[in-house]
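To start, the structure under review is shown below, and the notes come after it.
Values quoted throughout were computed directly from the atomic coordinates according to the rules given, and no laboratory measurement underlies them. Model, not experiment: these values are computed from the prediction. Positions of Cβ are backbone-derived with ideal geometry, glycine not excepted, and every protein chain shown enters the neighbour counts.
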């Protein structure tokens with residue numbers, strides 16, 4: 001059965017299908033280029049692209065040396081956007097992130113010095129190494145996409161996306177991210193070591209000089225402009241969502257609250273994130289409407305950082321992902 005638009009109950013017309021076809025071609029070019037630079041992380045690349053299409057933020061978790069910075073830099077260069085990196089450290093202050101107001105002695109007036117958050121893509125490297133007051137500087141930035149300096153809101157450039165990284169191994173001297181901040185990330189993406197074949201291919205490319213493991217030339221990869229990214233985001237928002245599929249997403253989120261496996265279930269923001277992610281996933285597979293499988297596929301990256309295991313599950317050595325899979329499988333999907 002063809003899904004109907006949840007807004008106007010109409011099947012997508014030829015103009016909408018043409019927009020989807022155009023978007024697919026652009027996404028294909030971007031995806032192929034990033035995968036040529038970041039070898040062996042195809043699933044991660046797809047999830048980061050989907051987050052960009054959803055106008056969302058990403059928390060990347062993986063050990064050092066897996067290409068997290070290279071991934072963000074390559075993505076920024078793909079649409080000619082501005083990229084900035086903040087190395088989070090224990091002595092980092094909120095003003096180092098957002099900026100501050102200072103008095104210009106020469107002109108006898110106050111001036112605003114904008115911080116590195118005024119960019120398109122912001123890499124918050126090892127975000128959990130900064131204390132809570134510094135992490136909190138990103139709360140308004142990530143949710144409202146603005147910075148308030150001396151009571152005056154300053155809008156951030158569009159598109160704006162935070163990609164934060166954290167190391168899952170070294171926990172000494174780190175500060176756990178508060179729930180309010182975790183909930184602002186659309187996805188938590190886990191980076192694992194690439195396969196042996198991918199590592200071999202990467203080694204050959206770098207030693208041959210085909211790929212630079214630290215830098216990407218902007219002129220090589222300007223596939224689209226920031227305004228094109230906004231148009232792609234608009235296309236995603238127009239992907240058809242049937243009411244039954246929307247209800248399925250809500251039931252999945254609510255199931256995490258009812259399950260005894262979790263001390264804390266996912267909140268309402270997870271429902272919205274899951275629907276947005278499912279639309280982006282549908283677009284990447286070339287469809288104009290969302291299927292229940294799109295929702296189910298995106299459940300793990302959307303939910304894994306929004307739930308907490310109960311003490312019993314942690315004692316048993318279970319992981320969040322393994323428990324989430326059981327909960328997700330227990331929810332019946334609609335048949336369209």
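General observations
- Evaluating kT/(6 pi eta Rh) at 37 °C and 0.692 mPa s, with the Kirkwood radius of the stretch 239-336 over Cα pairs in the Stokes-Einstein relation, gives 242 µm² s⁻¹.
- Evaluated at q = 0.18, 0.21, 0.24, 0.26 Å⁻¹, the base-10 log of the normalised Debye intensity for the stretch 40-94, with identical point scatterers placed on the Cα atoms, takes the values -0.72, -0.94, -1.15, -1.26.
- By the beta-carbon count within 10 Å of each Cβ, the least crowded to most crowded order of 31, 335, 257, fewest first, is 335, 257, 31.
- Fully extended contour minus Cα-Cα distance, from residue 297 to residue 155, at 0.36 nm per residue: 47.8 nm
- Share of Cα-Cα pairs in the stretch 106-152 lying beyond 17 Å, as whole percent: 44 percent
- Arranged from fewest to most other beta-carbon atoms within 10 Å of their beta carbon, 108, 308, 18 become 108, 18, 308.
- Per residue Cα convex hull volume in Å³ - calculated over the stretch 218-270: 144 Å³
- Shape annotation for the stretch 107-187: C-alpha extents along the principal axes are 49, 27, 19 Å, from largest to smallest.
- Compactness relative to 2.2 N^0.38 Å, alpha carbon Rg of the chain: 1.04
- Calculated Rg and Dmax of the stretch 44-165 using C-alpha coordinates, Å: 15.1, 50
- Arranged from fewest to most other beta-carbon atoms within 10 Å of their beta carbon, 332, 183 become 332, 183.
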